Amino acid sequence: MVAPDRHARTNWFRDDRFGMFIHWGAFSVHGRGEWLRSWEKISMEDYQPFIDGFTPEAFDADDWARTAVAAGMKYAVLTAKHHDGFCLFDSAHSTYTSVHNGFGRDVVAEYVEAFRRHGLKVGLYFSLIDWSHPGFPAFGDAHHPHRDDPAYEGREHDFDRYLDFMHAQVRELATNYGQIDLMWFDFSYDDLTGEAWRAGELVEMVRELQPGILLDNRLEANGGSFGSIITDSPLPWSGDFVSPEQLIPAEGILDLQGRPVPWEACITLNNHWTHFFGDEDYKTPRMLVRKLVEIVSKGGNLLLNVGPHPDGRILAEEQQILAEVGGWLSRNGDSIYGAGAADLPKPEWGYYTRKGDVLYAHVFEPPIGPLALVGVDPTRIDSLEIGGRRVERADSWLIEAYPDTAFVSFGEGDPALTYPLPDDVDTVITIRLTPPSIPHGE
């Protein structure tokens, strides 16, 4: 009997591979980061102008969705509520929302409807922290804006009341917007982890309301830790995937038995999550394509963040970068969507990805002479393609000393010559393999 796949619900997630993270809210108005209230220890009163100023006249969720589709993304995650407590959804439990601050619109509803219309799966980010709620611990907390404020020392807070409120808002998100494909909780720290959030009860509720939903691992972990998802006996709140932040692991993430665990690297397009005035240090399309390839070669997903302008626009330069990534994916998507680790050593010229009996060689560095398809059993190669064009294996006196390695040339002339790569971002060679032979008697 085949053991059940405990990660089976992530099948679509592991096929889609590429998603859009959207950090947007009242913190976008000041343009200095979503953690500003904490960093600068700003009071609720002094933060209020940013709440009042969140009236994004250019917001159009369909424009966001079209940008994601043009980038080749398959799903998205929006910050329904970040640590400042301001909600982009209508809540019966709070007026600290985009519906009540003067903007008068339920951003989550518009986002969900638009992204579904464009064939994208929808996810919601929800902060477990809420600096606006009187029940959340303030003085002495690691991050609260009033953590060092003497006026808050000794002030009592009703954390159970806060948890009731937090759970009620999660229930609203899981009830009021149709099918939600992914819930991205953030984040646990110090003693606030796992059952401190009444996580078992929370997860049971979410999975009852949204049976197919995926959950990240941050009810018990943060961006630098894995939690018990990597054990053989994960806890109910361990989540469905690991969520490393602003880095790509050196290798794919495995459980304690050495088996792959679903994971997703969340990475910013520039150097900040939210729109940050003056930050124009954008990652290039070349870098993003290559990092997406690296992530998929290690069995992971890329959740690439955009921080829309306070008025609601994704800026033109950001759209251009994303469209160029999407252009590469339109030609080479078979090597990414539904693909994963090839279980071959990393070649010095790039990476391999794999989908069944098809290998994809992602060539970043041009070779001198023909390219050695290192690690690939040459007896199993059925065909080779570059850019949809079938090519033959290179045959030259130069490679006679390497009978156990297949070579391919990027030019139509003498394979001993050096030719430029057809795509200097990433030239993909499709290697179709014959099925492995089965020993007689098995």
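On inspection, ASP164 fails the criterion of being acidic (Asp, Glu), farther than 18 Å from GLU34 by Cα and part of a loop (DSSP other than H, G, I, E, B).
Taken as a whole, the condition of being in the same structural domain as LEU302 (by TED's automatic domain parsing), of a type in the set (D, E, K, R) and at pLDDT 95 or above does not apply to ARG354.
Mind checking whether some residue in segment 67-82 is touching a strand residue (DSSP E or B) at 6+ places or on another chain (Cβ under 6 Å), closer than 14 Å to PRO145 by Cβ and crowded, with 18+ Cβ neighbours inside 10 Å? The answer is yes, given that some residue of segment 67-82 is touching a strand residue (DSSP E or B) at 6+ places or on another chain (Cβ under 6 Å), closer than 14 Å to PRO145 by Cβ and crowded, with 18+ Cβ neighbours inside 10 Å.
With a requirement of 2 or more residues that are touching a strand residue (DSSP E or B) at 6+ places or on another chain (Cβ under 7 Å) and farther than 30 Å from MET287 by Cβ, the strands (runs of 3 or more DSSP E) lying completely within segment 339-442 that satisfy it span 381-386.
Whether a residue is crowded, with 18+ Cβ neighbours inside 10 Å and more than 23 Å from ILE295 (Cα to Cα) was assessed, and THR175 does not pass this test. Just one of the listed residues (GLY212, GLY223, GLY227) is surrounded by fewer than 22 Cβ atoms within 10 Å (Cβ to Cβ) and touching an Asp or Glu at 6+ places or on another chain (Cβ under 7 Å), and it is GLY223.
Within segment 83-98, being surrounded by 18 or more Cβ atoms within 10 Å (Cβ to Cβ) and either free of Cβ contacts under 8 Å to residues at least 12 places away in the same chain or over 16 Å from ASN176 (Cβ atoms) (or both) holds for HIS83, ASP84, GLY85, PHE86, TYR96, THR97. Candidates in segment 19-56 are the residues that are surrounded by fewer than 19 Cβ atoms within 10 Å (Cβ to Cβ) and assigned to a loop (DSSP other than H, G, I, E, B); of these, the one that is farthest from the chain's Cα centre (by Cα) is SER43.
The set of residues in segment 376-402 that are touching a residue at least 12 places away in the same chain (Cβ under 8 Å) and either over 40 Å from the mean Cα position of the chain (by Cα) or at positive phi (or both) comprises GLY387, ASP395, SER396, TRP397, LEU398, ILE399, TYR402. Might you check whether a residue that is under 28 Å from ILE229 (Cβ atoms) and assigned to a helix (DSSP H, G or I) occurs anywhere in segment 257-268? No - not one qualifying residue is present in segment 257-268.
For segment 102-152, taking the residues that are of a type in the set (Lys, Arg) and part of a loop (DSSP other than H, G, I, E, B), the one that is nearest to ALA26 (Cα to Cα) is identified as ARG105. The lone criterion from (1) over 24 Å from LYS346 (Cα atoms); (2) in contact (Cβ under 8 Å) with a residue 12 or more places away in the chain left unmet by ASP281 is number (2). Considering segment 269-311 alone, what residues qualify as being of a type in the set (Gly, Ala, Ser), buried (at least 20 other Cβ atoms within 10 Å of the Cβ) and part of a loop (DSSP other than H, G, I, E, B)? Of everything in segment 269-311, those that are of a type in the set (Gly, Ala, Ser), buried (at least 20 other Cβ atoms within 10 Å of the Cβ) and part of a loop (DSSP other than H, G, I, E, B) turn out to be GLY299, GLY307.
The values are calculated or read from the model by the stated rules, or taken from the named source; none is laboratory data. For clarity, every value in this text was computed on a predicted model and none was experimentally measured. Backbone-built Cβ (ideal geometry, glycine too); neighbour counts: all protein chains shown.
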